[in-house]
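The values are calculated or read from the model by the stated rules, or taken from the named source; none is laboratory data. Quick caveat, the model's predicted, so the values are computed rather than measured. For neighbour counting, all protein chains shown are included, and Cβ atoms are generated from backbone atoms with ideal geometry for every residue, glycine included. What goes into the accessible areas is simple: the full protein's heavy atoms, side chains included, and nothing from ligands, DNA or RNA. Shrake-Rupley method; radii C 1.70, N 1.55, O 1.52, S 1.80 Å.
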Amino acid sequence: LLKLVVDMHDNGIAHRDIKLENILLKGKSAILCDCGFGTQEVVTSTVCGTPEYAAPELLVTGYGCRSWDTKKTDVFALGVLFYTLSTCTYPERDHRQNLITDSIWWLSPLGQLVKTMTFPDPEERIDAEKALSLLQTLPYF
């Protein structure tokens, strides 16, 4: 799935609605469907997607963002997706919509990766290619 998003981003496309409901599985392959919010815009001011997976800059005007990097919001959504797949629950958020990362899960290798994918500041958030590179170094991948 992450490799698919890297390929999309390399081709100038952001999905903007990555979530469990938009993933189809076929054998060991994952297909990302419902590309209705997909865009070739790198920066946009259009809010779209699903709130549970949305990056803080999409939800809170206090971040001062009038526009945001669509690829970085995809990476945030993927981080939420990885968390949700491994814990069977959505991550908790604080009043600024940042993920609360104080549970022991966040200390695991996957938790550390997801933390870098879901940094509140999009400038500090890693991109999909870096996330894939880090994922491939985890002991169980």
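For the range 56-81, which residues satisfy the criterion of being open to solvent by 30 Å² or more (accessible area, probe 1.4 Å), touching a residue at least 24 places away in the same chain (Cβ under 8 Å) and either under 23 Å from Asp34 (Cβ atoms) or among the polar types (S, T, N, Q) (or both)?
Leu59, Ser67, Asp69, Lys71, Lys72
Restricting the range 34-53 to residues that are outside any loop (DSSP other than H, G, I, E, B) and modelled with pLDDT of 80 or more, which is surrounded by the most Cβ atoms within 10 Å (Cβ to Cβ)?
Among them, the one singled out is Tyr53.
If I ask for residues that are farther than 13 Å from Val60 by Cβ, open to solvent by less than 60 Å² (accessible area, probe 1.4 Å) and among the charged types (D, E, K, R), which ones from the range 92-125 would you list?
Lys115, Arg125
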